[in-house]
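Notes for the one structure printed next.
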């Protein structure tokens, strides 16, 4: 179960903003909830700002002048990119621009197996090809040794990047990175393509219009894909870029949108993130990033369509590899369920595809609400990717045992590393020790609602008013609303595998859907009351507009999340052998009445034997002031031990087992052990 938090915006500030602007109350409430307290602050956020001069970034003018000089002198130039969406888009942008100027230019993007950034072997090959100048895009700021090699081989280097630099920067003609300590540019949060866009503008004499018209759509895709904060200049780039994308002249983009069935009128930051960017990123994961580059450089409809379909097939292949890795992880969890009590979840297997380890880690973290590391072992070496929850720094955690890695890098939310296979057990021990020493109670995922849902928020005009906040993304998420005490009026099957609900809230009835959820799998009955976190949007069908409600999370009304989280923490700590205070004994030892309540709720579910019941759903039905999560898990442990139930810990499902013999609950070791505390 996720933690929920709801903001409660100041009513006086909301009224003041509504009175002084043409904003509606709903959008004003969201803005105040997010810290925009005054009309000036709101205007600053919503205003269509011009981009600041590219020359304000340190070394930008030197970079632009040297590159243009190299073009004029006929020097051979290599644009050196990266294998993710940002690096691919940056490469396409700069290569295309230089080609239009008549430059002798080529490009190179390393395969994922080669690793990120400049590498010695490739630099030597680039030199052998007669290259005079290497320009990095979306990488290079950490390539100090590689810069020395480039110089030794008689080539020049221009670095453009957006990653954090160390104390030493590469020796180059120019090092363009807004995060340089000596760079005083007003906006820092650009992605690699954002920096490339500014470089192109600088080569155009500071004029952004040419750069935006030709390459704004690429910069927008990259900004969204790299999960950059959508404020300030990024907000401007994405807004402009999405408009260009709707009428794109790029053959590859048209083919990709056609193949994923994304109509121009449906283009938004959310649909781009869901439909377009994964097909670009997958090239670097499963195929070759150069295939994506060729897609966007292609001027042939048939070729572009072929590559677009190839990338879509790569997504399917990627999903197959994900499923394979997740299946092995599920088997391990069910064999050793105690793993799930660890503060940081670490799973490893032989020859898992390196291109999916980060995606699998994200899914494990999302599923269990804990930081996770996924490690693929091959030929004695282990390569890992890690993802985390807010409040737990992966970089700090992994840095605590940095001496055991062969390679390590990343940031607070995501890291990559490699180590020798024999070091894996030590790694698991050390990272969990760090977690225990620094987080007695581990952070868990939090869903933050902007406000409680009011009746006035549910009108067409109010929901339409939210559009001024777009584009949505990192730092500016789609507004969330918390609706407590929502009554269930109907639940029916929709399109054979989805659930359609009719709900009632504050005297208003509305419909919503839960995708891939059967009515029998939904733990609540007609008449029950649940709490919801929702998004609101406009649905258009047959030229009729209605408010569309999408459920992001739900739970039974009245459940205390603080008590749930505390009980979950103490149960996992107890199962890890860390002990539990005898003072807690009265509230953690279940009695017969508790056992009966859980068994009755489970057996009342018609398919409990064959299809099982979600553990969290079962708990939602039985919880009370008397029956907390700690007791509940002791009961499940006892049921499993006595062969009354089987627990699939990976999928978090519990199944009844048919039995005709009488069972002595007191004989369960799980119950005996907790009674002895």
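Look at residue 510 and say whether it is more than 30 Å from residue 44 (Cβ to Cβ), crowded, with 16+ Cβ neighbours inside 10 Å, modelled with pLDDT under 95 and in contact with a strand residue (DSSP E or B) (Cβ under 6 Å, 6 or more places away or on another chain).
On the way: more than 30 Å from residue 44 (Cβ to Cβ): yes; crowded, with 16+ Cβ neighbours inside 10 Å: yes; modelled with pLDDT under 95: no; in contact with a strand residue (DSSP E or B) (Cβ under 6 Å, 6 or more places away or on another chain): yes.
Against the criterion (more than 30 Å from residue 44 (Cβ to Cβ), crowded, with 16+ Cβ neighbours inside 10 Å, modelled with pLDDT under 95 and in contact with a strand residue (DSSP E or B) (Cβ under 6 Å, 6 or more places away or on another chain)), residue 510 does not qualify.
Looking at residue 643 and the list (1) loosely packed, with under 14 Cβ neighbours inside 10 Å; (2) at pLDDT 90 or above; (3) in contact with a helix residue (DSSP H, G or I) (Cβ under 9 Å, 6 or more places away or on another chain), which single condition is not satisfied?
(3)
Looking only at segment 596-607, decide whether some residue is at pLDDT 95 or above and in a loop (DSSP other than H, G, I, E, B).
Within segment 596-607, not a single residue is at pLDDT 95 or above and in a loop (DSSP other than H, G, I, E, B).
Give me the residue from segment 40-76 that is buried (at least 17 other Cβ atoms within 10 Å of the Cβ) and closer than 22 Å to residue 479 by Cβ and, out of that set, modelled with the highest pLDDT.
42
List every residue pair whose Cβ atoms sit under 7 Å apart, with the two residues 6 or more apart in sequence or on different chains, where the first one lies in segment 319-340 and is under 15 Å from residue 358 (Cα atoms) and assigned by TED's automatic domain parsing to the domain that holds residue 374 and the second, anywhere, is modelled with pLDDT under 95 and in a helix (DSSP H, G or I).
Nothing qualifies.
For the subset of segment 440-458 comprising residues that are farther than 22 Å from residue 35 by Cβ and surrounded by 15 or more Cβ atoms within 10 Å (Cβ to Cβ), which member is farthest from the chain's Cα centre (by Cα)?
Top of the filtered list is 458.
Kindly provide the set of residues from segment 292-305 that are more than 8 Å from residue 252 (Cα to Cα) and crowded, with 19+ Cβ neighbours inside 10 Å, ordered by number.
Passing the criteria: 292, 293.
Among (1) farther than 30 Å from residue 150 by Cβ; (2) assigned by TED's automatic domain parsing to the domain that holds residue 140, there is one condition residue 212 misses while meeting the rest; what is its number?
Of (1) farther than 30 Å from residue 150 by Cβ; (2) assigned by TED's automatic domain parsing to the domain that holds residue 140, only one is false for residue 212: (2).
Taking segment 515-536 only, how many residues are over 20 Å from residue 601 (Cα atoms) and outside any strand (DSSP E or B)?
Residues flagged as over 20 Å from residue 601 (Cα atoms) and outside any strand (DSSP E or B) within segment 515-536 amount to 2.
Here is a check on your reading of the model: is residue 550 within 28 Å of the chain's Cα centre (by Cα) and in a strand (DSSP E or B)?
Considered against the rule, which asks whether it is within 28 Å of the chain's Cα centre (by Cα) and in a strand (DSSP E or B), residue 550 comes out as yes.
Tell me yes or no: at least one residue of segment 487-500 is surrounded by 18 or more Cβ atoms within 10 Å (Cβ to Cβ) and farther than 30 Å from residue 441 by Cβ.
Taking segment 487-500 as the starting set, the residues that turn out to be surrounded by 18 or more Cβ atoms within 10 Å (Cβ to Cβ) are 491, 499.
Retained after the next criterion (residues that are farther than 30 Å from residue 441 by Cβ): 491, 499.
For segment 487-500, residues surrounded by 18 or more Cβ atoms within 10 Å (Cβ to Cβ) and farther than 30 Å from residue 441 by Cβ: present.
Could you tell me whether any residue of segment 360-375 is more than 24 Å from residue 447 (Cβ to Cβ), more than 20 Å from the chain's Cα centre (by Cα) and not assigned by TED's automatic domain parsing to the domain that holds residue 112?
Looking for residues that are more than 24 Å from residue 447 (Cβ to Cβ), more than 20 Å from the chain's Cα centre (by Cα) and not assigned by TED's automatic domain parsing to the domain that holds residue 112, one finds none in segment 360-375, hence no.
Checking residue 575 against (1) in contact (Cβ under 8 Å) with a residue 12 or more places away in the chain; (2) within 29 Å of residue 343 (Cα to Cα); (3) touching a strand residue (DSSP E or B) at 6+ places or on another chain (Cβ under 8 Å): exactly one of these is not met. Which one?
Status for residue 575: all satisfied but (3).
Taking segment 513-524 on its own, how many of its residues are surrounded by fewer than 15 Cβ atoms within 10 Å (Cβ to Cβ) and in contact with a helix residue (DSSP H, G or I) (Cβ under 6 Å, 6 or more places away or on another chain)?
Total satisfying the criteria: 0.
Search segment 356-380 for residues that are at positive phi and pair each with any residue that is surrounded by fewer than 23 Cβ atoms within 10 Å (Cβ to Cβ) when their beta-carbon atoms are under 6 Å apart and the residues are at least 6 apart or on different chains.
Here the result reads 369/444; 369/445; 380/421, each pair linking segment 356-380 to a residue that is surrounded by fewer than 23 Cβ atoms within 10 Å (Cβ to Cβ).
Taking residue 414 as the residue in question, decide whether it is in contact (Cβ under 8 Å) with a residue 40 or more places away in the chain, within 17 Å of residue 116 (Cα to Cα) and assigned by TED's automatic domain parsing to the domain that holds residue 364.
The answer is yes for residue 414.
Could you list all residues from segment 178-198 that are out of contact with any strand residue (DSSP E or B) (no Cβ under 6 Å at 6 or more places or on another chain), within 19 Å of residue 135 (Cα to Cα) and in contact (Cβ under 8 Å) with a residue 40 or more places away in the chain?
178, 180, 190, 191, 193, 194, 197, 198
Please enumerate the residues belonging to segment 484-500 that are part of a loop (DSSP other than H, G, I, E, B) and either closer than 14 Å to residue 551 by Cα or under 29 Å from the mean Cα position of the chain (by Cα) (or both).
495, 497
Being closer than 21 Å to residue 179 by Cα, surrounded by 24 or more Cβ atoms within 10 Å (Cβ to Cβ) and in contact with a helix residue (DSSP H, G or I) (Cβ under 8 Å, 6 or more places away or on another chain) is the requirement here; does residue 137 meet it?
Yes.
Name the residues in segment 144-169 that are surrounded by 24 or more Cβ atoms within 10 Å (Cβ to Cβ), assigned to a loop (DSSP other than H, G, I, E, B) and either in contact with a helix residue (DSSP H, G or I) (Cβ under 6 Å, 6 or more places away or on another chain) or modelled with pLDDT under 95 (or both), would you?
Residue satisfying the conditions is 162 alone.
Scan segment 417-427 for residues that are without any contact (Cβ under 8 Å) to a residue 60 or more places away in the chain and touching a helix residue (DSSP H, G or I) at 6+ places or on another chain (Cβ under 9 Å) and jot them down.
417, 419, 420, 423, 426 - these are the residues of segment 417-427 that are without any contact (Cβ under 8 Å) to a residue 60 or more places away in the chain and touching a helix residue (DSSP H, G or I) at 6+ places or on another chain (Cβ under 9 Å).
Criterion first (in contact (Cβ under 8 Å) with a residue 40 or more places away in the chain and assigned by TED's automatic domain parsing to the domain that holds residue 462) does residue 546 satisfy it? Working first, answer last.
Numbers: in contact (Cβ under 8 Å) with a residue 40 or more places away in the chain: yes; assigned by TED's automatic domain parsing to the domain that holds residue 462: yes.
So residue 546 passes the test.
Would you mind stating whether residue 130 is within 21 Å of residue 94 (Cα to Cα) and loosely packed, with under 14 Cβ neighbours inside 10 Å? Before you say what the answer is, go through the steps one by one.
Details: within 21 Å of residue 94 (Cα to Cα): yes; loosely packed, with under 14 Cβ neighbours inside 10 Å: yes.
Judged against the criteria, residue 130 is a match.
Just a yes or no: is a residue in segment 460-481 closer than 30 Å to residue 569 by Cα, in contact with a strand residue (DSSP E or B) (Cβ under 9 Å, 6 or more places away or on another chain) and surrounded by fewer than 17 Cβ atoms within 10 Å (Cβ to Cβ)?
yes
Can you tell me which residue in segment 249-276 is farthest from residue 303 (Cα to Cα), limited to those that are surrounded by 21 or more Cβ atoms within 10 Å (Cβ to Cβ) and within 16 Å of the chain's Cα centre (by Cα)?
Filtering segment 249-276 for residues that are surrounded by 21 or more Cβ atoms within 10 Å (Cβ to Cβ) and within 16 Å of the chain's Cα centre (by Cα), the one farthest from residue 303 (Cα to Cα) comes out as 269.
The values are calculated or read from the model by the stated rules, or taken from the named source; none is laboratory data. All values reported here derive from a predicted model rather than from experimental measurement. Here the Cβ is made from the backbone with ideal geometry for all residues, glycine too, and neighbour counts use every protein chain on show.
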